[in-house]
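The values are calculated or read from the model by the stated rules, or taken from the named source; none is laboratory data. Owing to the predicted nature of the structure, the values given are computational and were not obtained by experimental measurement. Methodologically, a virtual Cβ is constructed for each residue, glycine included, from the backbone with ideal geometry; neighbour enumeration extends over all protein chains shown.
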Amino acid sequence: MKKSVFLGALTVAGLAAGAAAATTLEDVKARGKLNCGVTTGLVGFAAPDANGEWNGFDVAVCRAVAAAVLGDASAVEFVPTTGKTRFTALASGEIDMLARNTTWTFSRDVDLKFEFVGVNYYDGQGFMIPKELGVSSAKDLDGATVCIQTGTTTELNLADFFRANNISYEPVPIETNAEAQQQYLAGACDVYTTDASGLAATRATFEDPTAHVLLPEIISKEPLGPLVRHGDNEWGDIVRWTLNALIAAEEYGVSSANIGELASGTDNPEINRLLGTEGTLGEMLGLDLEWAKRAIMANGNYGEIFAKNIGETTPIGLARGLNAQWTDGGLLYSPPFR
Amino acid sequence: MSDTHAQSVAFVRDTAIPAAPAPANETGPVKWLRENLFATWANALLTIAALFVIYLILSATLPWILGGVWTTSSLSECREVLAGETGACFSVLSERWNQLLFGFKYPSELYWRPTLALVMLFVAAAPVLFFDLPRKLLIFTALYPFIAFWLIWGGSILVPIVALLGVVGGYLVYSRFVTQSFATGFFGGIVAALIVWYIGGFITEALAPANPMLAAVPSRDLGGFMLNLMLGVTCVSLSIPLGIALALGRQSSMPLIKGICVIFIEFIRGVPLITLLFVASVMLAYFFPPEANVDLFLRVVIMITMFSSAYIAEVIRGGLAALPKGQYEAADSLGLEYAQAMRLIILPQALKISIPGIVNIAVGLFKDTTLVSVISMFDLVGMIRGPILASTEWNGVYWELLGFAALLFFVVCYGISQYSQWLERRLATDHR
């Protein structure tokens, strides 16, 4: 609304196009705030509470990066994006990173020119069914009516799964998750299928969640992770290793409770390098030595973030499953801090 | 003789019989019922059927509404309190009331500012809507946009003052030159305003106080029903003058002006509003460098205004076409020039004919402001679909929230519609 901005926009556009762009890290430091793209609202992953504070599993990644780079976990400008606006917001530079339950796929990584820095949640397509039907495996679903969101990859995965197992089904096409919830509860379909985390979140809102079960089969891979633009590898490294620091912290038993004690030095050189009491890892990233310590202190390690936002004690009640550490039979595996 | 009729005279009344009450069937509520609801067998059947339907609806909704819970802090608590009884969970409205009205980022200690702006809106709109009020009130109306801007966005008071000076400067130049030629006055006024704004831009930046009297609130923090009202009011009031200009331009005899207007109107009408909104939010970011962040609110206002002005132009063109040719000729024969003829004879009649159409578009536009939720602006519907339904406490509450949104929109749209009917009656000059 500033008239000078309003009038000067075109002139500035011409001038600035020629000027060499500063690196993302310099931009963020100069701004004093991290512009982080999140969803407009997804239970457990990102949503503002009654006081307008953003909370959630994806939000925690943004806060950790802000804490590592700027030393303040609250120095984040959350930019809500929809499924349609998220990629343009990142490509145009409106946001510095996107942490919005986005599936890492080949075409998004290569064709859209983004850099997925890791996976913070391994999701997959699952099935939910009323307990009273007595079905215990998705392979017993022959002839079932299935509520399915149209135009999504879940629709294609579903067709593949049933064809591969040589059983038949009848799709009930629906538009949104909210509609699916109503249709499923009204009995318009026997089964509802979407991402397993979404199913769990949906089931948590039912009047009687125990009357519905999630079938054990997961029929697709949906690795969700934060991403940045192509072309600024230093910035990509910072986001990647901040995420790795959260994962590694859980593996090494570094939590927000004991970090103060461990930061004064331990017998474990890996922890010492992570927390900056040994080596110069932070300087290599262009940050100070305590970057990872601040990132972990912002929300705790990966396990704490998981438990607080979507874990089994929350209404969403997701089990760790694939998202357990590799030492516990999961897929989380941070490269060494060395 | 006098005795002859002595007997019969006794039967001559010298007072009127007191009026008997009308038969029970022909009076009071019974008569009204008979005439209006049970006039024929078919009507009686329809009445009974309608009553049955109303009963069905009320018996389903009333227990739900009256049994509603207002004080819990989450949906699961609602269900505990209700313990299986029918009842709504209105607690979501009481807990998120401020978020529904103002969005989730507008600072709560500053809520009085948009509220005051809304109250002043009624005062400012009154002399425009009800032209029997004293004309002096229009001065406040003219000042209102600047006051409202300052109240809602806060920041340096110099910004609205410079904007106001630009308008005043433009108007002075316009009124100085308009007597010579309309075009000179019009474009001279625009140039003068631009010069004032350009110079004022430097002054405000130089003099901007570090701690302005009203704390600045960025556009990103606006939300809730406030955002719908702001978009609706701004876009309707901007698009009516623009629509008039476009309608007149389309009837112009100058091919260039006519061509531009036709292409603009047909292009905008051929594109869905949602596409324009995506252009505003997504595509424009590609054209500007990352630093020149033209306000998203401003971008959306421009797009919605363009959209509705094209429709309003077509409605007004309908009004212009409905005028008999004699009106144009009469204006010419009086020796009026173009601007005078339009202002004094043609437009007053054409606009009167166009009122229902314009109101139709205004109501539609106001409801269309909810579309901004798809470009991640948190208007009323955006707040409901995004933050509130995505919170762990309230995921699963649909009827209460969307019913509340419907109620708010109904109140405003019904008000607009009632006003337009009053306006039509007030302006009716034909002898029907």
Unmet criterion (only one of (1) of a type outside the set (Gly, Ala, Ser); (2) in contact with a Ser or Thr (Cβ under 8 Å, 6 or more places away or on another chain); (3) away from chain A (no Cβ under 14 Å)) for B:Leu256 = (2)
message = One residue is enough: does region A:198-207 have a residue meeting the conditions away from chain B (no Cβ under 14 Å), surrounded by 14 or more Cβ atoms within 10 Å (Cβ to Cβ) and farther than 30 Å from A:Ala22 by Cα?
response = no
request  = State the number of residues belonging to region A:225-275 that are among the hydroxyl-bearing types (Ser, Thr, Tyr) and closer than 30 Å to A:Lys113 by Cβ.
outcome  = 1
query = If we scan region A:73-92, do we find a residue that is in contact with a Cys (Cβ under 8 Å, 6 or more places away or on another chain), assigned to a loop (DSSP other than H, G, I, E, B) and within 14 Å of another protein chain (Cβ to nearest Cβ)?
reply = no
ask   = Which residue, of B:Phe225, B:Phe278, B:Phe288, is of a type outside the set (S, T, N, Q), under 30 Å from B:Ile375 (Cα atoms) and either at pLDDT 90 or above or in contact with a strand residue (DSSP E or B) (Cβ under 8 Å, 6 or more places away or on another chain) (or both)?
value = B:Phe225
query = Taking A:Val69, is it crowded, with 24+ Cβ neighbours inside 10 Å and either touching a residue at least 12 places away in the same chain (Cβ under 8 Å) or assigned to a strand (DSSP E or B) (or both)?
reply = yes
Candidate set from region B:57-75 (those that are buried (at least 18 other Cβ atoms within 10 Å of the Cβ) and in contact (Cβ under 8 Å) with a residue 24 or more places away in the chain); member that is farthest from the other protein chains (Cβ to nearest Cβ) = B:Ser74
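Residues checked against (1) within 26 Å of A:Ala50 (Cβ to Cβ); (2) in contact with a helix residue (DSSP H, G or I) (Cβ under 8 Å, 6 or more places away or on another chain):
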| residue | (1), (2) |
| --- | --- |
| B:Ile65 | yes, no |
| B:Glu77 | yes, yes |
| B:Leu82 | yes, no |
| B:Thr86 | no, yes |
| B:Phe90 | yes, yes |
| B:Gln99 | yes, yes |
query = Failed condition for A:Gly56, given (1) over 27 Å from A:Asp288 (Cβ atoms); (2) at the interface with chain B (Cβ under 9 Å from one of its Cβ atoms); (3) at pLDDT below 90, with all others met?
reply = (3)
task = Answer yes or no as to whether B:Leu284 is within 14 Å of chain A (Cβ to nearest Cβ), under 28 Å from B:Phe410 (Cβ atoms) and either in a helix (DSSP H, G or I) or among the basic types (Lys, Arg) (or both).
result = no
inquiry  = Looking only at region A:105-144, filter to residues that are surrounded by 19 or more Cβ atoms within 10 Å (Cβ to Cβ) and assigned to a loop (DSSP other than H, G, I, E, B); which one of those is farthest from the chain's Cα centre (by Cα)?
reply    = A:Leu141
request  = Can you confirm whether region A:87-102 contains a residue that is modelled with pLDDT under 85, under 17 Å from the mean Cα position of the chain (by Cα) and surrounded by fewer than 22 Cβ atoms within 10 Å (Cβ to Cβ)?
outcome  = no
query = within 14 Å of chain B (Cβ to nearest Cβ) and over 22 Å from B:Leu389 (Cβ atoms) - does that describe any residue in region A:217-231?
reply = yes
query = Does region B:83-119 hold any residues that are out of contact with any Asp or Glu (no Cβ under 6 Å at 6 or more places or on another chain) and of a type in the set (Ser, Thr, Tyr), and which are they?
reply = B:Thr86, B:Ser91, B:Ser94, B:Ser108, B:Tyr111, B:Thr115
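Out of the residues in region B:84-102 that are of a type in the set (Ser, Thr, Tyr) and modelled with pLDDT of 90 or more, state the one that is nearest to the chain's Cα centre (by Cα).
This residue is B:Ser94.
Residue by residue, here is whether (1) surrounded by 20 or more Cβ atoms within 10 Å (Cβ to Cβ); (2) closer than 17 Å to A:Gly83 by Cβ; (3) at the interface with chain A (Cβ under 9 Å from one of its Cβ atoms); (4) out of contact with any strand residue (DSSP E or B) (no Cβ under 9 Å at 6 or more places or on another chain) holds:
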position	(1), (2), (3), (4)
B:Ile361	yes, no, no, yes
B:Lys367	no, no, no, yes
B:Ser376	yes, yes, yes, no
B:Asp379	yes, no, no, yes
B:Gly382	yes, yes, yes, no
B:Gly386	yes, yes, yes, no
B:Thr392	yes, no, yes, no
B:Gly403	no, no, no, yes
B:Ala406	no, no, no, yes
task = With respect to B:Glu400, determine if the residue is in contact (Cβ under 8 Å) with a residue 60 or more places away in the chain, acidic (Asp, Glu), within 22 Å of B:Trp97 (Cβ to Cβ) and in a helix (DSSP H, G or I).
result = yes
message = For the list (1) at the interface with chain B (Cβ under 9 Å from one of its Cβ atoms); (2) surrounded by fewer than 21 Cβ atoms within 10 Å (Cβ to Cβ), I need the number of the one condition that A:Ala47 fails.
response = (2)
inquiry  = If I filter region B:103-122 for residues that are surrounded by 15 or more Cβ atoms within 10 Å (Cβ to Cβ), within 14 Å of chain A (Cβ to nearest Cβ) and more than 27 Å from the chain's Cα centre (by Cα), do I get at least one hit?
reply    = no
key: Residue check, B:Phe264 surrounded by fewer than 22 Cβ atoms within 10 Å (Cβ to Cβ), over 30 Å from B:Trp150 (Cβ atoms), in contact (Cβ under 8 Å) with a residue 40 or more places away in the chain and within 14 Å of chain A (Cβ to nearest Cβ)   = no
Breaking point among (1) touching a residue at least 40 places away in the same chain (Cβ under 8 Å); (2) under 19 Å from B:Asp295 (Cα atoms), for B:Phe225 = (2)
ask   = Based on what the data block shows, is B:Ile345 within 16 Å of the chain's Cα centre (by Cα) and either within 20 Å of B:Met226 (Cβ to Cβ) or more than 10 Å from chain A (Cβ to nearest Cβ) (or both)?
value = no
